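J.: Provided herewith is a single structure, encoded as structure tokens, for subsequent inquiry.
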Amino acid sequence: MAEAVYEREGYVAQFMGDAVMAVFGAPLTHEDDPARAIHAAFAMCERSDHLNRRWIDRLGQPLSLHLGINTGTAVTGSVGSDLRMDYAVIGDTTNTAQRLQSTAQRGEILVSRDTYRLTRDAFTFEELEPIVMKGKREPVRVWRVLGETEASEVERAPFVGRRDELAVLHDRFEEVASSGSAHVVTIVADAGVGKSRLAAELGHRIG
């Protein structure tokens with residue numbers, strides 16, 4: 001399970017009994033951390049299936065995973081003493097993820113609204129009934145991850161807005177093509193607002 005996390009540059013913050021608490025976005029940060037978390041969850045399920053096929057005779061019954069993913073702000077840092085230091089991640093974001101995990105049925109990957117919003121172009125989902133959680137005034141909306149979206153489906157999604165940004169990129173490309181001199185363009189924005197899609201759209205138009 002830990003390897004599935006580290007292969008996608010996440011971090012295993014804790015092992016708690018039979019549970020694994022993994023973090024994406026700290027201490028390493030990527031634009032697509034929510035998607036990396038879902039990919040890791042699918043990889044965990046695949047590894048669990050492999051273990052079941054290998055050890056079912058000795059286990060007597062199959063192992064099952066219940067996975068919950070939430071996206072949001074958390075407090076991170078090293079805690080402890082000089083003799084023992086641990087990297088801790090605490091806050092409502094992690095508490096909600098744990099409650100999603102405890103609600104998930106066998107083999108299910110449940111995600112929060114923010115995780116869904118940031119990954120809905122990359123995966124297919126089914127919205128479930130909202131969950132009542134302790135400490136929350138309103139029921140929490142939750143989605144079950146069904147699978148990865150076909151690349152062709154993402155490409156068919158209409159490209160809306162960003163005309164000025166696309167024009168700047170296209171102009172820089174024309175300058176490079178005509179002069180042969182190199183240009184470097186940096187696209188900076190919050191995660192999930194469409195930086196990769198903007199670059200892909202430029203590639204489609206000049207390809």
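J.: Checking the structure you have, find out if any residue of region 68-91 is at pLDDT 85 or above, in a helix (DSSP H, G or I) and within 18 Å of the chain's Cα centre (by Cα).
T.: no
J.: Then there is this: Being among the acidic types (Asp, Glu), in contact with a strand residue (DSSP E or B) (Cβ under 8 Å, 6 or more places away or on another chain) and open to solvent by 70 Å² or more (accessible area, probe 1.4 Å) is the filter here; which residues of region 98-128 pass it?
T.: First pass over region 98-128, keeping only residues among the acidic types (Asp, Glu): 108, 114, 121, 126-127.
Filter once more, keeping what is in contact with a strand residue (DSSP E or B) (Cβ under 8 Å, 6 or more places away or on another chain): 108, 126-127.
Matches in region 98-128: Glu126, Glu127.
J.: Output the residues belonging to region 1-12 that are open to solvent by less than 20 Å² (accessible area, probe 1.4 Å) and within 18 Å of Gly72 (Cβ to Cβ). Explain how you work it out, then say what you get.
T.: Within region 1-12, the first condition is being open to solvent by less than 20 Å² (accessible area, probe 1.4 Å), and the residues that meet it are 4-5, 10, 12.
Of everything in region 1-12, just one residue is open to solvent by less than 20 Å² (accessible area, probe 1.4 Å) and within 18 Å of Gly72 (Cβ to Cβ), namely Gly10.
Results for (1) without any contact (Cβ under 8 Å) to a residue 24 or more places away in the chain; (2) part of a helix (DSSP H, G or I); (3) on the phi < 0 side of the Ramachandran plot, shown as yes or no for each residue.
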| position | (1), (2), (3) |
| --- | --- |
| Gly107 | no, no, no |
| Leu110 | no, no, yes |
| Asp114 | no, yes, yes |
| Leu118 | no, yes, yes |
| Phe125 | yes, no, yes |
| Glu138 | yes, no, yes |
| Trp143 | no, no, yes |
| Leu146 | yes, no, yes |
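J.: Would you mind stating whether Asp49 is modelled with pLDDT under 90, open to solvent by 30 Å² or more (accessible area, probe 1.4 Å) and among the acidic types (Asp, Glu)?
T.: Details: modelled with pLDDT under 90: no; open to solvent by 30 Å² or more (accessible area, probe 1.4 Å): yes; among the acidic types (Asp, Glu): yes.
For Asp49, the condition - modelled with pLDDT under 90, open to solvent by 30 Å² or more (accessible area, probe 1.4 Å) and among the acidic types (Asp, Glu) - is not met.
J.: From (1) of a type outside the set (Asp, Glu); (2) farther than 23 Å from Gln14 by Cα; (3) open to solvent by less than 60 Å² (accessible area, probe 1.4 Å), pick out the condition that doesn't hold for Gly60.
T.: (3)
J.: Out of curiosity, is Ala97 outside any strand (DSSP E or B), within 22 Å of Phe15 (Cα to Cα), modelled with pLDDT of 80 or more and out of contact with any helix residue (DSSP H, G or I) (no Cβ under 7 Å at 6 or more places or on another chain)?
T.: Details: outside any strand (DSSP E or B): yes; within 22 Å of Phe15 (Cα to Cα): yes; modelled with pLDDT of 80 or more: yes; out of contact with any helix residue (DSSP H, G or I) (no Cβ under 7 Å at 6 or more places or on another chain): yes.
Answer is yes for this residue.
J.: Is region 22-34 home to any residue that is more than 21 Å from Asp190 (Cα to Cα) and surrounded by 14 or more Cβ atoms within 10 Å (Cβ to Cβ)? I'd like the intermediate steps shown before the answer.
T.: From region 22-34, those more than 21 Å from Asp190 (Cα to Cα) are 22; that's our starting set.
Of the ones still in play, those that are also surrounded by 14 or more Cβ atoms within 10 Å (Cβ to Cβ) are 22.
The answer is yes, given that some residue of region 22-34 is more than 21 Å from Asp190 (Cα to Cα) and surrounded by 14 or more Cβ atoms within 10 Å (Cβ to Cβ).
J.: Something else about it: If you go through region 149-185, how many residues are under 27 Å from Phe123 (Cα atoms), open to solvent by 80 Å² or more (accessible area, probe 1.4 Å), at pLDDT 80 or above and assigned to a loop (DSSP other than H, G, I, E, B)?
T.: Residues flagged as under 27 Å from Phe123 (Cα atoms), open to solvent by 80 Å² or more (accessible area, probe 1.4 Å), at pLDDT 80 or above and assigned to a loop (DSSP other than H, G, I, E, B) within region 149-185 amount to 1.
J.: Check off (1) in contact (Cβ under 8 Å) with a residue 12 or more places away in the chain; (2) over 20 Å from Glu108 (Cα atoms) for Trp55 and give me the number that stays unchecked.
T.: It is condition (1) that Trp55 fails.
J.: Please count how many residues of region 100-120 are of a type in the set (Gly, Ala, Ser), over 12 Å from the mean Cα position of the chain (by Cα) and more than 18 Å from Gln14 (Cβ to Cβ).
T.: Going through region 100-120 one residue at a time, the tally reaches 2.
The values are calculated or read from the model by the stated rules, or taken from the named source; none is laboratory data. This one's a predicted model, so the numbers in the text were calculated from it and none came from an experiment. With ideal geometry, Cβ positions are generated from the backbone for all residues, glycine too; neighbour counts draw on all protein chains shown. SASA here: full protein model, heavy atoms, side chains in, ligands and nucleic acids out. Shrake-Rupley method; radii C 1.70, N 1.55, O 1.52, S 1.80 Å.
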